[in-house]
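> I have a structure here, written as structure tokens, and I will follow up with some questions on it.
The values are calculated or read from the model by the stated rules, or taken from the named source; none is laboratory data. Worth saying up front: this structure is predicted, and the values here are computed from it rather than measured. No Cβ is skipped: glycine too gets one built from the backbone with ideal geometry, and neighbour counts run over all protein chains shown. For the accessible areas, the whole protein counts, side chains as well, though only heavy atoms, and no ligand, DNA or RNA atoms are used. Shrake-Rupley method; radii C 1.70, N 1.55, O 1.52, S 1.80 Å.
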Amino acid sequence: MEKITLSYPARRTLSGQALAGVVGSGDMEVIYRADNSALLSVTITTSVDNSKARWDALFSRLAELTELPAGQLVIHDFGATPGVARIRIEQVFEEVNHA
């Protein structure tokens with residue numbers, strides 16, 4: 001297991017929290033909690049060792065395509081593909097955005 005910590009400048013604020021996915025399904029779980037900081041802080045626990053570059057590339061791409069919100073993002077990954085990871089991350093942001 002590897003633990004990865006990343007942070008990115010936040011360009012919007014949300015309020016609330018959300019959960020998407022279930023790690024026990026062989027997929028991943030994403031938990032988001034909004035806050036008033038200027039950063040999106042990401043903590044990833046993954047079963048895939050040496051994957052920091054993959055996660056950084058995913059979040060850099062997300063930052064280009066959307067405005068990342070301020071808050072705490074906790075990811076429990078059990079080897080999900082980058083496509084699934086992106087879907088789960090976007091799901092929690094969307095859920096909080098419409099809460």
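> For region 1-17, give me each residue that is surrounded by 15 or more Cβ atoms within 10 Å (Cβ to Cβ) and over 22 Å from R61 (Cα atoms).
Passing the criteria: only Q17.
> Which one is nearest to T66 (Cα to Cα) among residues in region 1-43 that are at pLDDT 95 or above and among the basic types (K, R)?
R33
> Identify the residue in region 62-99 that is part of a loop (DSSP other than H, G, I, E, B) and over 25 Å from M1 (Cβ atoms) and, among all such residues, is nearest to the chain's Cα centre (by Cα).
By that ranking, first place goes to L68.
> Starting from residues that are β-branched (V, I, T), buried (at least 17 other Cβ atoms within 10 Å of the Cβ) and touching a helix residue (DSSP H, G or I) at 6+ places or on another chain (Cβ under 9 Å), keep the ones in region 62-99 and report whichever is nearest to I44 (Cα to Cα).
I75
> Does R11 meet the test of being in contact (Cβ under 8 Å) with a residue 12 or more places away in the chain, out of contact with any strand residue (DSSP E or B) (no Cβ under 6 Å at 6 or more places or on another chain) and closer than 24 Å to H98 by Cα?
Spelling it out, R11 is indeed in contact (Cβ under 8 Å) with a residue 12 or more places away in the chain, out of contact with any strand residue (DSSP E or B) (no Cβ under 6 Å at 6 or more places or on another chain) and closer than 24 Å to H98 by Cα.
> I'm trying to understand the selection: among the residues of region 33-61, which are open to solvent by less than 10 Å² (accessible area, probe 1.4 Å), touching a strand residue (DSSP E or B) at 6+ places or on another chain (Cβ under 6 Å) and farther than 14 Å from S7 by Cα?
The answer is T46, and nothing else.
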